[in-house]
Structures are given as structure tokens and as C-alpha cells.
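Asks: Provided herewith is a single structure, encoded as C-alpha cells, for subsequent inquiry.
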Amino acid sequence: MADAIGELNPPPRLLMGPGPITCDPRVLRAMSVQLLGQFDPAFTAYMNEVMALYRRLYQTANRWTFLVDGTARAGIEAILVSLISPGDRVLVPIFGRFGHLLCEIARRCGAVVASIETDRGGDPPAPSARAGDMPGRYLDDDGAAARRDRRDLSAP
């Protein structure tokens, strides 16, 4: 090979888009260390520390609070698969690409899916026009899944 290719060294940039993002130098240093196996005691200790930090961040005592390592889609799918049971009724407002993704995931979970499609950037219809009376599974303010009638959203 006549010409050696130099080291890739792009100039630092502040990226303002949805991703990829500019990495903090500490993250880049951490990414350059040797990998650990998922059952390595050091890795387990790191995961326990991260889970403890997430419990503080989300103000929960749930010992199984953990990081989902993946894209936003992986996080969305993990949440929906954990909350939706076959036969649950799910109402999805669609005003962009992710609404269609939510419908797809909910259907794969066995949910009965109703959707309201609105132009991107538009507002969904008023509550009285939303899929009629649709009892189903909803999230309470404390994040716990609960069954209640959609007509009485103030019920505990």
C-alpha cells in the first residue's frame, strides 16, 4: 500500500439534532476500556449502581428498575410489552411515524387497537370524539397499570 491512511480525527462539533449527539469526553474514555462480560462481578456491580441511580432519579423503590440499552424504539417496546396484555384496548393518537409504531407494537401484544389520526403538528379531536366509550388499561398517576372505565378518568 503506497499511501498510508491517517488516523480518523474529526474536529469537535456541537450537534443540535435528535442524534447522533456530541459525546462527553468521559463517555468516550469509558467506551475505550476493555469490555466486560454480562456475568462479570464488576459488570454486575456497575449495573447495580446504575439501577440505584435510576431508582433515585425516578423516585421508586422498585428493585428491578434498569437501563434498556437500545434505541428509543427499544425503550418504547419494552414499556408497551410490559403494560399491554392480550385483549387490552389501547387508544393511540397518530400524528407522526411513532403513532404507527405504537399501533404495530400494541397489535403484536394482542391488544384491540383504536387510533385517532391527525395531521402532523395538529391536535387530536376533543375527548368526546375519541373512539367512543372504550374501557381499557390506562396508567394511573403513580405509573401503575389499572383497569377503569374511560368515562371516569378521575377514579382511583
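The values are calculated or read from the model by the stated rules, or taken from the named source; none is laboratory data. Not measured: the values here are computed from a predicted model. For neighbour counting, all protein chains shown are included, and Cβ atoms are generated from backbone atoms with ideal geometry for every residue, glycine included.
Asks: Does any residue in region 86-112 that is within 16 Å of G75 (Cα to Cα) and in contact (Cβ under 8 Å) with a residue 12 or more places away in the chain come within less than 6 Å, Cβ to Cβ, of a residue that is surrounded by 15 or more Cβ atoms within 10 Å (Cβ to Cβ) and small (G, A, S) six or more places away or on a different chain, and which pairs are these?
Replies: C103/S115
Asks: Okay, moving on. Among L53, L36, which is the only one that is among the hydrophobic types (A, V, I, L, M, F, W, C) and not in a helix (DSSP H, G or I)?
Replies: L36
Asks: Could you identify the single residue in T65, T22, T44 that is part of a loop (DSSP other than H, G, I, E, B), surrounded by 10 or more Cβ atoms within 10 Å (Cβ to Cβ) and free of Cβ contacts under 8 Å to residues at least 12 places away in the same chain?
Replies: T22
Rundown of residues vs (1) under 20 Å from the mean Cα position of the chain (by Cα); (2) closer than 30 Å to A30 by Cβ; (3) outside the structural domain of V33 (by TED's automatic domain parsing); (4) modelled with pLDDT under 85, yes/no style:
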| residue | (1), (2), (3), (4) |
| --- | --- |
| L53 | yes, yes, no, no |
| W64 | yes, yes, yes, yes |
| H100 | yes, no, yes, no |
| G122 | no, no, yes, yes |
| D141 | yes, no, yes, yes |
| S154 | no, no, yes, yes |
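Asks: Just to check your reading of the model, which residue among L15, L36, L8, L28 is touching a Phe, Trp or Tyr at 6+ places or on another chain (Cβ under 9 Å) and over 30 Å from I105 (Cα atoms)?
Replies: Numbers: L15 fails: touching a Phe, Trp or Tyr at 6+ places or on another chain (Cβ under 9 Å); L8 fails: touching a Phe, Trp or Tyr at 6+ places or on another chain (Cβ under 9 Å); L28 fails: touching a Phe, Trp or Tyr at 6+ places or on another chain (Cβ under 9 Å).
That would be L36, the only listed residue that is touching a Phe, Trp or Tyr at 6+ places or on another chain (Cβ under 9 Å) and over 30 Å from I105 (Cα atoms).
Asks: Still on this structure, I have one more. In region 82-110, which residues are assigned to a loop (DSSP other than H, G, I, E, B), touching a strand residue (DSSP E or B) at 6+ places or on another chain (Cβ under 9 Å) and not small (G, A, S)? Talk me through it step by step, then tell me what you get.
Replies: Residues of region 82-110 assigned to a loop (DSSP other than H, G, I, E, B): 84-88, 95-96, 109-110.
Checking the rest, the ones that are also touching a strand residue (DSSP E or B) at 6+ places or on another chain (Cβ under 9 Å) come to 84-85, 87-88, 95, 109.
Once the filter is applied, which keeps residues that are assigned to a loop (DSSP other than H, G, I, E, B), touching a strand residue (DSSP E or B) at 6+ places or on another chain (Cβ under 9 Å) and not small (G, A, S), region 82-110 yields I84, D88, F95, C109.
Asks: Restricting to region 102-120, what's the tally of residues that are at pLDDT below 90 and not polar (S, T, N, Q)?
Replies: The qualifying residues number 5.
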